[in-house]
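The values are calculated or read from the model by the stated rules, or taken from the named source; none is laboratory data. Source: prediction; values computed, not measured. Methodologically, a virtual Cβ is constructed for each residue, glycine included, from the backbone with ideal geometry; neighbour enumeration extends over all protein chains shown. In case anyone asks, the SASA skips ligands and DNA or RNA and just uses the protein heavy atoms, side chains included. Shrake-Rupley method; radii C 1.70, N 1.55, O 1.52, S 1.80 Å.
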Amino acid sequence: MKDNYILVTGAAGFIGAAVARKLISLGHKTITVDNLSTGELDVVPKETIFIEGNLGKQETIDKLNDYTISAIFHIAGQSSGEVSFENPSYDLESNTESTILLLKFAKEKGIKHFVYASTMSVYGNQEMLPVTETTVPMPTSFYACGKLASEHYLRIYSSFGINIAALRLFNVYGPGQNLKNLKQGMLSIYLAQALTDNKIVVKGSVDRFRDFVYIDDVVNAFLKGFEFTQNNKFGIFNISTGKPSYVHQLLDSIKTSLDNNVEVSVIEGTPGDQFGIFGSNWLAKSTLGWEPQTTFEDGMQKMISWAKSTI
């Protein structure tokens, strides 16, 4: 009970595992909760205490009572807009109910620092780009609705003495992304299809665009968010590059980087999918002191090299 742990939810997943590894390298003790619905147990850093369970259930939260926790990085959750339409109730439990229960736990235990993985999906389709934190959210998926609701719960709980940073993550990519999950992660989906089937099925227009942020930069954003909670009550920040990348550019890069000919077919898009979005990171730069260090071209080549050695 003497040890202070940082709770990193979802450390069996891509972003959670990367954040946990970084915290461990900085000398912190970590604990994680993951239901392994999309994560892999062997991804969890070996130094991290692992609890299997659904964070949307009180009995899972109760398992944390055995530990002294000083901060929470809430990264776990259902992260696919497509899946949120297939099972809205699970999405709500996985994302919003889990946030409410963790905030309640933090309030009861006197935990003062809370960093939350929100999403650019809350913005929906916007005419004015890049989006800023003052852009009025117009979510187009149940996943985005749940994340936006969570942000409001976070804001209210910040008045109860919990310092909170909510990070609106744009499209995170890089080595370690789940190549088995073909319903989440545009770039990882295309890479996995190209390497395993020699063809890519694009759901929606190749003229769609996104703002891709490299995993190392995202991990750094979580650390900056944690620093923010040391002296500030509440903030929402875009974690973005401020630059759009188009689907047809992704496809060209993949085809150029692979030695074989990759067939591309375009089919109907998924419900609630945003056509195009990129975000201003001015507030993250000016308030958190964060800005991306990895260009999309460099990050793309690192990820492709990793994926080729993995599949």
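Miscellaneous remarks
- Those residues of region 20-48 which are within 18 Å of SER70 (Cβ to Cβ) and open to solvent by 50 Å² or more (accessible area, probe 1.4 Å), in sequence order: LYS22, SER25, LEU26, GLY27, HIS28, LYS29, GLU47
- Of residues in region 227-238 being open to solvent by less than 30 Å² (accessible area, probe 1.4 Å) and in contact with an Asp or Glu (Cβ under 8 Å, 6 or more places away or on another chain), the one nearest to PHE160 (Cα to Cα): PHE237
- The residues of region 139-189 that are in contact with an Asp or Glu (Cβ under 6 Å, 6 or more places away or on another chain) and either in a loop (DSSP other than H, G, I, E, B) or open to solvent by less than 10 Å² (accessible area, probe 1.4 Å) (or both), listed by number, are GLY146, ALA166, PHE170, LYS183.
- Scope region 106-133; condition over 19 Å from PHE228 (Cα atoms), in a helix (DSSP H, G or I) and either open to solvent by 10 Å² or more (accessible area, probe 1.4 Å) or at pLDDT below 95 (or both); matching residues: GLU108, LYS109, MET120, SER121
- Check on ASP259, under 14 Å from ASN198 (Cα atoms) and of a type in the set (Asp, Glu): yes
- Residue that is in contact with a helix residue (DSSP H, G or I) (Cβ under 8 Å, 6 or more places away or on another chain) and assigned to a strand (DSSP E or B), where the choices are ILE304, ILE236, ILE254: ILE236
- Residue in region 37-53 that is among the polar types (S, T, N, Q) and at pLDDT 95 or above present: yes
- Residue match in region 198-218 (condition: under 19 Å from the mean Cα position of the chain (by Cα), basic (Lys, Arg) and within 30 Å of GLY161 (Cα to Cα)): no
- Scan region 49-79 for residues that are under 20 Å from the mean Cα position of the chain (by Cα) and either open to solvent by 60 Å² or more (accessible area, probe 1.4 Å) or more than 22 Å from VAL115 (Cβ to Cβ) (or both) and the total you get is 2.
- On inspection, VAL218 fails the criterion of being touching a strand residue (DSSP E or B) at 6+ places or on another chain (Cβ under 7 Å) and surrounded by fewer than 19 Cβ atoms within 10 Å (Cβ to Cβ).
- Complete set of residues in region 264-283 that are outside any strand (DSSP E or B) and closer than 18 Å to PRO244 by Cβ: GLY269, ASP273, GLN274, PHE275, ILE277, PHE278, SER280, ASN281, TRP282
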